[in-house]
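The values are calculated or read from the model by the stated rules, or taken from the named source; none is laboratory data. Small disclaimer: the values here were computed from a predicted structure and weren't measured. Reconstructed Cβ throughout: ideal geometry from the backbone, glycine too, with neighbour counts over all protein chains shown. When the accessible area is computed, the model is the full protein with side chains, heavy atoms only, and any ligands, DNA or RNA have been set aside. Shrake-Rupley method; radii C 1.70, N 1.55, O 1.52, S 1.80 Å.
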Amino acid sequence: MSLAFCGNENNSLAYNVDRGVLNNGCFLDALNVVPHIFLLFITFPILFIGWGSQSSKVHIHHSTWLHFPGHNLRWLLTFILLFVLVCEIAEGIVSDGFTQSHHLHLYMPAGLAFMAGITSIIYYHNIETSNFPKLLLALLFYWVLAFLMKTIKFAKYTEHSVGLRQLRYCITGLLALLYGLLLAVEINVILGRRYLCFTEATEVKPPEDLQDLGVRFLQPFVNLLSKATYWWMNTFITAAHRRPIDLKVIGKLPIAMRALTNYLKLRKAFESQRVKVGPKWIWRALRQAFGRPLIISITFRFLADLLGFAGPLCISGIVHHISKDNRTIQPPLLGVYFISSQEFLANAYVLAVLLFFALILQRTFLQASYYVAIETGINLRGAIQTKIYNKIMRLCTSNMSMGELTVGQICNLVAIDTNQLMWFFFLCPNLWAMPVQIIVGVILLYYLLGISALIGATVIAVLAPVQYFVATKLSQAQKSTLEYSSERLKKTNELLRGIKLLKLYAWEHIFCHSVEETRGKELTSLQTFALYTSISIFMNAAIPIAAVLTTFVVHVHISEEADLSPAVAFASLSLFHILVTPLFLLSSVVRSTVKALVSAQKLSEFFSSDEIGDEQEPNATMPTGPSNHKTIPSCPRNHNNKYQAVVSTQLSHNWESVFDICFDQYGTPTLSNINIKVPFGQLTMIVGQVGCGKSSLLLAALGEMQRVSGTVTWNISVPPGQKPGKICFHCVYLGRKRGSVAYASQKPWLLNATLVENITFEMPMIKPRYKAVIEACSLQPDIDILPQGDQTEIGERGIILSGGQRQRIGVARALYQQTNVVLLDDPFSALDIHLSDHLMQEGICKLLREEKRTVVLVTHKLQYLPHADWIIAMKDGTIQTEGTLKDIQNSDPKLFEQWKTLMHRQDGEFEKSMTVLERKNLRRAMYSKEAAKTEEEHEEESVESEEDDSLSQAMRHRTTIPWRSCGVYLSSAGLLLPLLLLSQLFKHTLMVAIDYWLAHWTSHVITAKMDATGRNCTVAQECGFSHSWYLSVFSVLCCLGIVLCLVTSVAVEWTGLRVAKELHHNLLSKIILAPMRLFETTPLGNILNRFSSDTNTIDQHIPATLECLSRSTLLCVSALGVISYVTPVFLIALVPLAIACYFIQKYFRVASRDLQQLEDSTQLPLLSHFSETVEGLTTIRAFRYESRFRQRLLEYTDANNIASLFLTAANRWLEVRMEYVGACVVLIAAVASISNSLYNHLSTGLVGLGLTYALMVSNYLNWMVRNLADMEVQLGSVKRINGLLKTEPENYEGLMAASQVPDGWPRQGEIQIQNLSVRYDTTLKPVLKQVNAHISPGQKVGICGRTGSGKSSFSLAFFRMVDMFEGRIIIDDIDIAKLPLQTLRSRFSIILQDPILFSGTIRFNLDPEMKATDDMLWEALEIAQLKPVVKTLTGGLDAMVTEGGENFSQGQRQLFCLARAFARKSSILIMDEATASIDMATESILQKVVMTAFADRTVVTIAHRVHTILNADLVIVMKRGIILEYDRPQALLEKEDSVFAAFVKADK
């Protein structure tokens, strides 16, 4: 067939120009080609010349991303223009189909216009990025020409009576309008940028964000197309394949998204609220601050949902029009044919293209809605977290010290409640869009099926409340699971923290059983959770089947002439699937709303809790006048508070200070009637027994107590000749002015930072001062042991230091600061005598005194009293006496004598030393870690052939799915696995069978109707056609489908439950039996994470992801199978689409995993910073470092938020691409099936089936990839747990059975050590070499020696905690190597250096095995000096101990550990520095008690204070793992060359 621009019919009116050329339709179309040709000729050279030089700059310099005025409007109008031009091309092609020859002028100008439209926006984008607006002149001319040509054409159409009934008339008018609007936009650019007709052009600076190259999140700055398709993410996601994503790669947040910006917005909203009570004011403030973007998100969602209905309508139209011939010849106008809108939309191909565009638009709007909602939620979370933090900075510490607000509660607000509000914002658009979706869906169903549609919709509506009920039950089950999970974690945490003690006392199985018991309850709760989850999954799958079945049954029975054509059946099927979605979402949206309301209530309560200052940031003000005596209004009185205090103090150089403190606890004053004097620039010591209120006094001075009456006054004046400190401003705080105070708390507080950062604490590094402080605190030997020296990470997430090391770092921090006032709360409690002396002399007396700083020191070490300029003695919350030492000697000789005795005792001590042990433990931990590292390196080397390939290997490993972990997971399922696989396969096969039968049935309905028409039957039934057979088969298939849905949902959940039970049980069993080396070389947090986050992932997340992944994969496979069966030609197109999908998922999975891990890893420091701040609140406020910590919080919040935003953008990137691939599948399937139907007479039922399944592919493709990525991340948990399961356990079995060991063994306590050699691991050197010793029954043996001499290893050898590779230990004639470990360890007692208490009753802590009677326990408590304390507690022996024994002092905890050892009544007791944390008076009593209570038992004491073993029967001096001396202490002291004697002499 020949082609001609105007057609080649001989009698063609197209060439008729009798009435003028402008009245010829073909000429008008030819005229319209001119502007497009002009633009293409002008712009192509400019694009080709400029492209190379400009495009490279775009990615490097963000400053090129300047938007001209009307930027978004231009893009929007261009998109609409391109869509209208596609319609014009389609209209031309359809119109041309009515004639014999081809009229190119009907669609060729539109095709050129389409090319010009695309060129215009590409050209504009390049001009914009190169910031050269003068080149936009070409576009200005183009819009003018195009507008004129279209207007002429439109005017001529109107003149020749072409009206709204003709589609081409409407399209021409619309195009004229669009060109006119684009011309207006272009003129607006001229007016805005003044590049034409003005003398000076406007100078425009890029946004502040883009001037900073660190900003890499470009979503707010890119053009509309890139915004919609996340095109800017391409380079980012592909780069992840080559290099892992970290915080450097993702850069900074744009200013508008930073936590500070959003916090200020939120604060402004909060301040504008009049009523500030209850959760309503929070909601109002949130709406005011973040409501606008939410409205945009809801609008996008409405548009997406309405476009979603295009699918069923287009399917109905395509299937309906395939069987009809709609050609009706219209008379030509202007020499060409015009068609109406109805004729245009009656074309199946046109509908296919429209469906494609509708899908593209719908998915774009949907993803835009998701993105905006999630971005708003993330911004909101950052703002609320910042507000919570600012509130924490102003909280009364008395609220927290009495448990009204715990660290856990505050962390829950941050980790859970802010996330609940964020999730509510994510789901908020659903809340508004769901009713619209339901109403439109029901109307369309009624239009298609009549009354029977309402019955089907009623089935869904009736089952929706059931779904809600299930969701509520699911939420309850999850809550109870969480409670049991928390309890289990608490127990596991205690078990791991006290693992050494548990192993030494052979109590690990008691605690293991306790954890298993809680796990049992958790599993019962998980079973309920699994049951309701499976019901929920079942209902999601079964309700559409039930609704469709009911509808079709009713539809067939209601009327004999029921229209059940494929068009109606498959459109209804798609509509039911759409309708079910909002009803299922309803439950999660309602649940999320309820949770958000609860969270708002919690936040409201928290924000209204007591404060100590104003909301404003601290003001920098200079002190006025010579002295500043200000009244302090402390926390407002709250009668519900358990602690209340009155404070009035002055710190001045003229000793005028008065301190009145009254502290209420249940009505009993704890601190009262206190008058103190604190001299400026001198050393004041506060002394007194444990619990007399010394620390409270310091806290009151800092304004941390809740005041009842009285005042606190600080005098900031300084003695003549002294500089007024280094801090030159004083913050407004509690209504008075006070500068920074260096404060070292009793419980050392460390930052999660390097050791040097902990000491300098935000101050600039001054090398000489730093060295002096390190020297004063004797930290250099400890620093030398650490792997990276003072750059080593310490704190919660770093290396775990001992109490003494932590305390010295805390003191070093106070010494390093250059403040006028230094408060030290018991800095010597965890230090040995040498360190204490050194710190006192070098640190306090030398360093602080030389700088004339006011020092207030709380201490138990009375030997330092002579150094004090002023002494305050406290007793039972009151001042016993105060003055200089001489004053007290005169006024209270009795007290002075008591002190003198204790001072003399302490001076005679030899502590060799706790520090030594600490350093040894640290060195051993470092050594073990290094050894573990080396082992790992060796393993890696053996796996990898060449070192150079390690990076590429790692990158390759990142791109592969962990199939081995998947195998481990599935193999744990046992027999449930085949059931799971078979049920899934059968279910999806049956689903296809149901739909295929529906296609078969409806095709037969059409055939029967045609036959009826041919045979003149009024209805098909008269010609022998009956629905009943088809309906009965359809019903059976549907019922079977529903049953299989139930089976699969139950199988998935029960498989998950079985695996969870199996893996946790195996993990706990392995960990509890693992050797101590595992706990020394693996950070505790790592092991705990296996029991917390990893177990939680396996319990709750993997089953759901597995179900979702298998469902979406099988649905996609079955859908592609059906389409290929209907139109085999589709398989050709499937190849490129499959390749595209493969690469999209390949790149996405790697980036997604990195971003998920980054989001998790950035959340940890954020939460840790909150808990760290709450714990160190007193220290931070004392130092006046609130603003610095706020700044750090903003950094952590922004880091977490940018990771979340990139993850969101990556998810949108994937979904947009997968949806577009899905839309292509629909287009290809539609075009192929239409062609197949028209030319090969494919049945209309199968066309409907193919199209319905094609729509399904677009829905499930991205779910498949998302779930695959999630599964990959979650299988990491299985991999990590599996790694721990490979741990070799200790050898618990012995050559003797437990029954063979005599009941009372060891009765005598005789110990023979023969040729003993010991090491910590087979890879390490021996720590004891060829040791021989004999300890007689009842002997008291002291072991001493320098660092690393092997003293502690000696004690651990009795318990077989170390590898005894040579020699043996015989106790009461039995070689301990032959005994079962459990039996051996259960027969001895040991007291460790660090006191460990567990949560539970005092009885449980003393005797978890429940073997001792009450009398025995009271006796043990009496021996340990604890009977009076326990008697006063409610419940006595059944009084509760909090986690870690926090409700008792450090000294009392150590006493409980002594009582625990006494209660065991074993004949051998090993004491490993048991008196570290108790005051000297109590310790001296204890030493006597040990000698008397254990008179007939063997006691082995590891001596760090040499005075503890001077009275021993036998002393063993060790050096480098061998026994150097072995004799009675007196005999050793008499020898001049004795090492022991040298130790004692050195101490004197």
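List of remarks:
- Every residue from segment 588-603 that is over 15 Å from R284 (Cα atoms) and of a type in the set (A, V, I, L, M): V589, V590, V594, V598
- Candidates T1081, T1097 - the one that is farther than 21 Å from T1252 by Cβ and under 23 Å from the mean Cα position of the chain (by Cα): T1097
- Only one entry of Y468, Y505 meets the criterion of being closer than 17 Å to V590 by Cβ and in contact with a helix residue (DSSP H, G or I) (Cβ under 7 Å, 6 or more places away or on another chain), and that entry is Y468.
- Count of segment 111-137 residues which are open to solvent by 10 Å² or more (accessible area, probe 1.4 Å) and hydrophobic (A, V, I, L, M, F, W, C): 9
- Residues in segment 1518-1548 that are part of a helix (DSSP H, G or I), charged (D, E, K, R) and modelled with pLDDT of 80 or more: 1 in all.
- Segment 831-857 - residue that is in contact with a Pro (Cβ under 8 Å, 6 or more places away or on another chain) and not in a helix (DSSP H, G or I) and, of those, nearest to I879 (Cα to Cα): L857
- Residues satisfying the stated conditions in segment 1226-1242, i.e. of a type in the set (S, T, Y) and either surrounded by fewer than 20 Cβ atoms within 10 Å (Cβ to Cβ) or touching a Gly at 6+ places or on another chain (Cβ under 9 Å) (or both): S1233, S1235, Y1239
- Restricting segment 1041-1054 to residues that are out of contact with any Phe, Trp or Tyr (no Cβ under 9 Å at 6 or more places or on another chain) and in contact (Cβ under 8 Å) with a residue 12 or more places away in the chain, the residue that is surrounded by the most Cβ atoms within 10 Å (Cβ to Cβ) is V1052.
- Screening L1177, L1120, L1155, L1134 for residues that are farther than 30 Å from V1257 by Cβ and among the hydrophobic types (A, V, I, L, M, F, W, C) leaves exactly one candidate, L1177.
- Helices (runs of 4 or more DSSP H) completely within segment 1412-1517 that count 2 or more residues being at pLDDT 80 or above: 1414-1423, 1427-1432, 1450-1463
- Residues of segment 871-915 that are open to solvent by 20 Å² or more (accessible area, probe 1.4 Å), within 17 Å of C845 (Cβ to Cβ) and modelled with pLDDT of 80 or more: T884, L885.
- Odd one out for L1242, checked against (1) in a loop (DSSP other than H, G, I, E, B); (2) modelled with pLDDT of 90 or more; (3) not basic (K, R): (2)
- Matching residues, segment 1164-1186, being among the polar types (S, T, N, Q) and at pLDDT 85 or above: T1173, T1178, T1179
- Flag if L366 is closer than 19 Å to E1219 by Cα, more than 28 Å from the chain's Cα centre (by Cα), surrounded by 21 or more Cβ atoms within 10 Å (Cβ to Cβ) and aliphatic (A, V, I, L, M): no
- Residue match in segment 538-549 (condition: touching a residue at least 40 places away in the same chain (Cβ under 8 Å), closer than 11 Å to L449 by Cβ and buried (at least 19 other Cβ atoms within 10 Å of the Cβ)): yes
- Within segment 488-519, being of a type in the set (S, T, Y) and open to solvent by 20 Å² or more (accessible area, probe 1.4 Å) holds for one residue alone: S514.
Residues checked against (1) open to solvent by 70 Å² or more (accessible area, probe 1.4 Å); (2) in a helix (DSSP H, G or I); (3) modelled with pLDDT of 85 or more; (4) under 26 Å from A304 (Cβ atoms):
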{"residue": "I438", "(1), (2), (3), (4)": "no, yes, yes, yes"}
{"residue": "L448", "(1), (2), (3), (4)": "no, yes, no, yes"}
{"residue": "A457", "(1), (2), (3), (4)": "no, yes, no, yes"}
{"residue": "T481", "(1), (2), (3), (4)": "no, yes, no, no"}
{"residue": "S486", "(1), (2), (3), (4)": "no, yes, no, no"}
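- Test result for A155, surrounded by 17 or more Cβ atoms within 10 Å (Cβ to Cβ), modelled with pLDDT of 85 or more and small (G, A, S): no
- Comparison of W1029, W1001 shows that the only residue that is over 30 Å from S1049 (Cβ atoms), at pLDDT 75 or above and in a helix (DSSP H, G or I) is W1029.
- Qualifying positions in segment 1373-1389 - over 21 Å from F1462 (Cα atoms) and outside any loop (DSSP other than H, G, I, E, B): I1374, D1375, I1376, A1377, K1378, L1381
- Scan of segment 1275-1328 for residues that are exposed (fewer than 14 other Cβ atoms within 10 Å of the Cβ), closer than 19 Å to D1372 by Cβ and either of a type in the set (K, R) or touching a His at 6+ places or on another chain (Cβ under 9 Å) (or both), ordered by number: R1307
- Qualifying residue in segment 598-606 (condition: free of Cβ contacts under 8 Å to residues at least 40 places away in the same chain and either farther than 30 Å from F552 by Cα or not in a helix (DSSP H, G or I) (or both)): yes
- Verdict on N419 being open to solvent by 40 Å² or more (accessible area, probe 1.4 Å) and within 18 Å of the chain's Cα centre (by Cα): no
- Per this entry, N540 is counted among residues that are of a type in the set (S, T, N, Q), under 31 Å from the mean Cα position of the chain (by Cα) and within 30 Å of L564 (Cβ to Cβ).
- Residue match in segment 762-775 (condition: assigned to a loop (DSSP other than H, G, I, E, B), open to solvent by less than 20 Å² (accessible area, probe 1.4 Å) and at pLDDT 80 or above): no
- Candidates R1153, R1192, R1212 - the one that is in contact (Cβ under 8 Å) with a residue 60 or more places away in the chain, open to solvent by 20 Å² or more (accessible area, probe 1.4 Å) and part of a helix (DSSP H, G or I): R1153
- Test: E522 is closer than 30 Å to P1103 by Cα, open to solvent by 10 Å² or more (accessible area, probe 1.4 Å), acidic (D, E) and in a helix (DSSP H, G or I): no
- Those residues of segment 1394-1421 which are without any contact (Cβ under 8 Å) to a residue 40 or more places away in the chain and buried (at least 17 other Cβ atoms within 10 Å of the Cβ), in sequence order: R1403, F1404, W1418, L1421
- Output for segment 241-262, where each listed residue is surrounded by 15 or more Cβ atoms within 10 Å (Cβ to Cβ), within 21 Å of the chain's Cα centre (by Cα) and either aliphatic (A, V, I, L, M) or more than 12 Å from R216 (Cα to Cα) (or both): P244, I245, V249, I250, L253, M257, R258, A259, L260, N262
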